[in-house]
Amino acid sequence: MQQANCGLVTARVFGSMNRRGFLMSSSSALLLGAALGERSAAAATTVTLVGWEGYDKPLEGYLKANNITLDPTYIGDSNQIISKLTSGGVGRVDLVTPNVTYVPLLVKLNTLSAVDESKVPNLKHVHPFFLGNPSIRIEGKLYAVPYVWGGVPMMYDPAAISEPQSWSDVLKPEYKGKVSMLDNLNNIQLAARVVTDAKVPTRLTHQQLKDAVDFLIKVKGQTRVLATSYGDMADALARGEAVITFNGWEVVVKKAADKGKKVAYTYPKEGTFGWMDCYCIVRDAPNSDIAHALANEALSEPVQIKAGEGELLGILNTDAIKKLPAEARALYPYDDLEGFSKKVGFFPVAPLKADGDVATFDDWKKEYLRFKNA
Amino acid sequence: MTPPYRSALLVAPSLLIFIGLFIAPTLYFLLVSFWRFESYELIREFNLDNYREVAADYLRLGIYTLVIAGIISLLAVTLGFVYAYVARFNAGRFGSVMLFVALISLFGGYLMKVYAWRTILGMEGIINNALLASGIVSEPVTWLLYNPPSVVLTLTNFLFPFAMLPIFASMQSIQDSELESARDLGAPWTAILFDHVVPRCKTGIVTGFALCFLISCGDWVTPVLVGGRMTMLGNLIAAQFGEFLNWPLGAAMSFSLLAAAFLVVLAFSQLMRIFDAR
Amino acid sequence: MIRRSHSWVLVAIIFFIFLLAPLLLVVLFAFTNRALTNFPIDEFSLRWWRAMLDHPQFSPSLRRSLTIGGSVAVVSAVVGTAAAAGLARLPRRSAATLLAVLSLPMMLPPLVLAVSLATFYVSLGMQLNLVTVTASHILLTQPFVILVVYAQLRDFDVRILDSARDLGASPLKAFATITLPIIAPTVLGAALLAVAISFDDFVITFFTIGSGNTLPTLIWGMMRSSVTPMVNAIGTLILTVTIISTLLGLFLTRYRG
């Protein structure tokens, strides 16, 4: 073996050339079988989606009935949508489900196409409160079809601890090593609620931003699992690895229940931030018509009821809200949306360009990297 | 003999792939590391800010990453050496079975191994199951998973064959008789090991170490899945191409890491020279 | 013999457990009927295999994995064999140097290779899709093919070819009728090794695929969301394909007539 410095190759070849007697020649059957079973599955249209996990579930029946295959890439942070689209996703991805606060940014980056409202007739069933969100329309054109909403809660294990009151409860010494924290830049908004007096938690001064991230770093010190997705967080709660969380999602209750674990949530006293995830059509989407149809279907009464009842999501079709079973209806303040909005707020992302002492989105990312680096 | 141009023609497609998909992207990536990203726009102005930022903010994390990778690689090489030695000199015909097992574990899915360790080490995992059932502990122990040692364990397990196979390959050239005669001359086993076996396996050891070190220092999946809140430089590099979208900084981190890793490998191979002198 | 005691047996067993237990557990729990991957397994069932087949993402992901693996195998076999044939005509020292150079991509951390390729593709305005994944995999697999085929061709007696040429055969014909039949098993074996590498790859695929999943990226998504023994079922499938193609590949490349 002269080329011993070719390392691994050499090792593999070497092993193969000098050793004998370890093969059942019949084992090729499986590979062949797999190759044959690979025949293309009819002529289903494939629609590509980058978004939050679980949003496609209420649509499953519709997809099957119309022979549409959904090809989803799941995210743990709306910023990943920006990366996917600006790194070659435009022209290939059909749909994305960003938080509404990211829509103006996505439009500015020329990644979305305006929604053809005539193809989304179900928009008229959407509660006016949600259609009134200023971020879905830019220069008069609709760019986002609202789908579901909520406010970021704190999850906890009711069997292990009593209901937390404050976001800073995660810092209690008894929870050390029992905290799960979502690895998400928007945690800064939550931290800003706790440690700063900023009116709008996305318009922070540099000092406030720093204080918020310092707080997050303290929380990180308490953390057992830095969750990369809400599913990850649900898994940690279900397996008893964590009993309290920083950042959360009402749906985690459902995900944990699927694993046989009862989990509860609360909105801590400092308040939180609201989110409304939307279906947006990507610019140059290969299947623009089907993407519109899916966005429309997502607002239909049966799908919305499935989302609200089955997935415990906050829904926004007025007829569907009325028909929700009392239990699912009690999960969200459907009757006092204005009040909810005042309490939690839907805040646009930090400004892109410097604006006095207000930190830019780039500053946020740089500071959040400091958190990751800590 | 055939004219040389035919040789060149035959190698050309491979070389084109190599140049087009390795040399060109790497050079471009190096160039990117001197640019910057601002409000989602790549600004093509030469500057050293990214490297300054890496040196100022990520030096600690970089060193931490190298230390972890070093521990993993040394462990993998040591274990690989022991295994290769047993397979080559002790196991006789059974040695081929041992080699075969190492080969299987080389190809056994990267992700699946990380996942398997999570199943083994978790609070409801197999070890805790056994500990609880046997009454050794009354509550599941938490220190098995989601910490740096679990990352070290998982990656050592994954990289073991990368270390073992090159070492085994270089052991093939050592004759049993050489060791026997050394023993007949009354040499203690340590002397046999360090004067005869290790020097002859130097190439394999350095190759194995290099492979393990380069793979582990750039790993990001294992810390995510079994590291809990542990971060390695790889996680930040990956994030620059995910939620943070800052290629230039990611590129600068990558090249800084590469440069440091090559220095470590170089230092290791120099260190191995002490065995030449004997 | 150097063997003095049998304590090495214990060492070997401990290593076997360390190496194989994780893989065996993956396979074992693919057949549990519970939702958690731990003991005791009350009953073995195919529940999670059925769940895998019913998963809407499974068959598209499998199709992609196979398409990529197949294309990688074919292209790297053709390109690699040509290169090996070219190298076999060079002096051994220069051939070894070229080989070492072509193997360089394997010495980079996969993450660095992946992000630099992704940056390159995107900057060229290319769309990230199965083609970009396949191309990236070929970069990694071609050195394997070249080395394996070269190792055989190096020791090949060129005089047979020369005499065929003397008898008036064209170079192509000489290759097709003499060289190819001899090296065909090796080439096929090398192609199967390429399949194994491609089928198991996660990092490169993750960054260069744009959207959509292969089996490893599908598992990655599942591990970060709803972890069930379905992950074990898919993992077992990946392991089966990679291990069988490796075994077959190793067997064929060693096969030298």
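On the beta carbon distance between residue B:28 and residue A:172, with R0 = 45 Å, the FRET formula returns roughly 0.35. In this structure, the amide hydrogen of residue A:112, modeled 1.01 Å from its nitrogen in the peptide plane, lies closer than 5 angstrom to those of A:283, counting only residues at least 5 positions away or on a different chain. Here the Karplus curve 6.51 cos²θ - 1.76 cosθ + 1.60, taken at θ = phi - 60°, turns the phi angles of region B:56-68 into couplings of 6, 9, 10, 4, 4, 5, x, 5, 4, 4, 5, 5, 4 Hz, with x standing for Gly and Pro.
Using the Stokes-Einstein relation with a Kirkwood hydrodynamic radius computed over Cα pairs, the translational diffusion coefficient of chain A at 25 °C and a viscosity of 0.890 mPa s comes to 108 µm²/s.
Taken over the C-alpha atoms, chain B has Rg and Dmax values of 23.1, 77 angstrom.
Quick check on the exposure proxy: order A:288, B:181 from fewest to most C-beta atoms within 10 angstrom. Walk me through the intermediate numbers first.
On the way: A:288 18, B:181 12.
The order, fewest Cβ neighbours first, is B:181, A:288.
With a 10 Å cut-off around each Cβ of A:241-247, the average count of Cβ atoms from other chains is 1. Counting every other Cβ atom within 10 Å of each residue's Cβ, A:106, A:204 order from fewest to most as A:106, A:204.
Of all stretches in chain A that contain no GluC sites (Glu not before Pro) in a DSSP loop with at most 16 other Cβ atoms within 10 Å, the longest one is A:140-269. Across region B:255-262, coupling constants 3J(HN,Hα) worked out from phi with the 6.51/-1.76/1.60 Karplus curve, θ = phi - 60°, read 5, 5, 5, 4, 4, 4, 5, 5 Hz, and Gly and Pro carry x. Debye calculation, C-alpha points only, no solvent: report log10 I(q)/I(0) for region A:227-374 at q = 0.14 Å⁻¹, in the same order as the q values. Values returned for q = 0.14 Å⁻¹ are -0.98.
Summing charges over neighbours of residue B:66, with a neighbour being any other residue whose Cβ is under 13 Å away from its Cβ, gives 0 when K and R count +1 and D and E count -1. With Cα atoms as the point set, chain C shows a radius of gyration and Dmax of 22.2, 72 Å.
Say R0 is 60 Å: what FRET efficiency, to the nearest 0.05, do residue C:94 and residue A:336 get from their beta-carbon distance? Each step should come with its number before you reach the end.
On the way: r = 79 Å, r/R0 = 1.32.
In this case the efficiency is close to 0.15.
Can you tell me, using C-alpha contacts under 8 Å and at least 6 residues apart, the relative contact order of chain A as a whole percent?
Details: 644 pairs, mean separation 86.3, N = 374.
Relative contact order here is 23 percent.
Quick one: dipole size for chain C, taken about the Cα centre, charges +1 on Lys/Arg Cβ and -1 on Asp/Glu Cβ, in debye to the nearest 20. Write down the numbers at each step before the final one.
Numbers: 17 positive and 9 negative charges, 94 e Å.
Charge dipole, chain C, about its Cα centre: 460 debye, nearest 20.
P(r) tail for region C:82-143: Cα pairs beyond 19 Å make up 43% of the total.
Would you compute, from DSSP H runs of 4+ residues alone, the mean residue ellipticity of chain A at 222 nm, taking -39500 (n - 2.57) per run and dividing by the full residue count, rounded to the nearest 500? Walk me through the numbers before you get to the answer.
Details: 16 runs with 132 residues, N = 374.
It lands at -9500 deg cm²/dmol.
When the Cα atoms of region C:108-240 are aligned to their principal axes, the ranges along those axes come out at 66, 38, 23 Å in descending order. Distance between the modelled labels on residue C:20 and residue B:5, one decimal in nanometres: 5.7 nm (7 Å Cα→Cβ projection). Here's how it looks for residue A:45: its modeled amide H is under 5 Å from those of A:69, which are all 5 or more places away or on a different chain.
The 3J(HN,Hα) values that the Karplus relation (6.51, -1.76, 1.60; θ = phi - 60°) gives for region B:214-220 are, in residue order, 5, 6, 6, 5, x, 6, 9 Hz. Gly and Pro appear as x. Over chain B, Cα pairs under 8 Å with separation of 6+ residues give a relative contact order of 27 percent.
How much of the DSSP beta bridge set in chain A is antiparallel, as a percent to the nearest 5? Restricted to chain A, the bridges split so that about 55 percent are antiparallel.
Is the C-alpha gyration tensor of region A:163-268 telling us rounded, prolate or oblate? Criteria: a/c under 1.5 is rounded; beyond that, a/b larger than b/c is prolate, otherwise oblate. Judged from the Cα gyration tensor, region A:163-268 comes out prolate (a/c at least 1.5, a/b above b/c). Note on B:242-254: average number of Cβ atoms from other chains within 10 Å of each residue's Cβ is 6. Averaged over the residues of B:81-88, the number of partner chain Cβ atoms lying within 10 Å of the residue Cβ comes to 3. Remark: A:331, B:236 ranked as A:331, B:236, counting other beta-carbon atoms within 10 Å and listing the fewest first.
Which number do you get for Rg(Cα) / (2.2 N^0.38 Å) in the protein assembly as shown?
On the way: Rg = 28.8 Å, N = 909, 2.2 N^0.38 = 29.3 Å.
Dividing the Cα Rg of the protein assembly as shown by 2.2 N^0.38 Å gives 0.98.
Quick one: which of A:306/A:365; A:84/A:255; A:199/A:323; A:172/B:113; A:64/A:178 span more than 32 angstrom between C-alpha atoms?
Values: A:306/A:365 36 Å; A:84/A:255 26 Å; A:199/A:323 36 Å; A:172/B:113 35 Å; A:64/A:178 41 Å.
As for pairs spanning more than 32 Å Cα to Cα, those are A:306/A:365; A:199/A:323; A:172/B:113; A:64/A:178.
Computed per residue of chain B from DSSP H runs no shorter than four, each worth -39500 (n - 2.57), the mean residue ellipticity at 222 nm is -21500 deg cm²/dmol.
Once you have the Kirkwood Rh of region C:1-148 from its Cα pairs, apply Stokes-Einstein at 10 °C and 1.306 mPa s and quote D in µm²/s. Kindly include the intermediate steps, with their values, before the conclusion.
Numbers: Rh = 20.1 Å.
After rounding, the answer is 79 µm²/s.
A Förster radius of 45 Å, combined with the Cβ-Cβ distance separating residue A:64 from residue B:39, puts the computed FRET efficiency at roughly 0.60. Applying a DSSP loop filter and a limit of 15 other Cβ atoms within 10 Å to the trypsin sites (Lys or Arg not before Pro) in region B:85-152 leaves B:93. With Cα atoms as the point set, region A:229-315 shows a radius of gyration and Dmax of 16.2, 45 Å. In this structure, the amide hydrogen of residue C:33, modeled 1.01 Å from its nitrogen in the peptide plane, lies closer than 5 angstrom to those of C:42, C:43, C:45, counting only residues at least 5 positions away or on a different chain. In terms of packing, defined here as the mean over residues of other Cβ atoms within 10 angstrom, the peptides C:116-128, A:126-138, B:150-162, C:7-19 line up highest first as B:150-162, C:116-128, A:126-138, C:7-19.
FYI, it's all coordinate maths here, none of it is from the lab. Computed from a prediction, not measured in an experiment: that's the story for all the values here. Cβ: placed from backbone, ideal geometry, glycine included. Neighbour counts: every protein chain shown.
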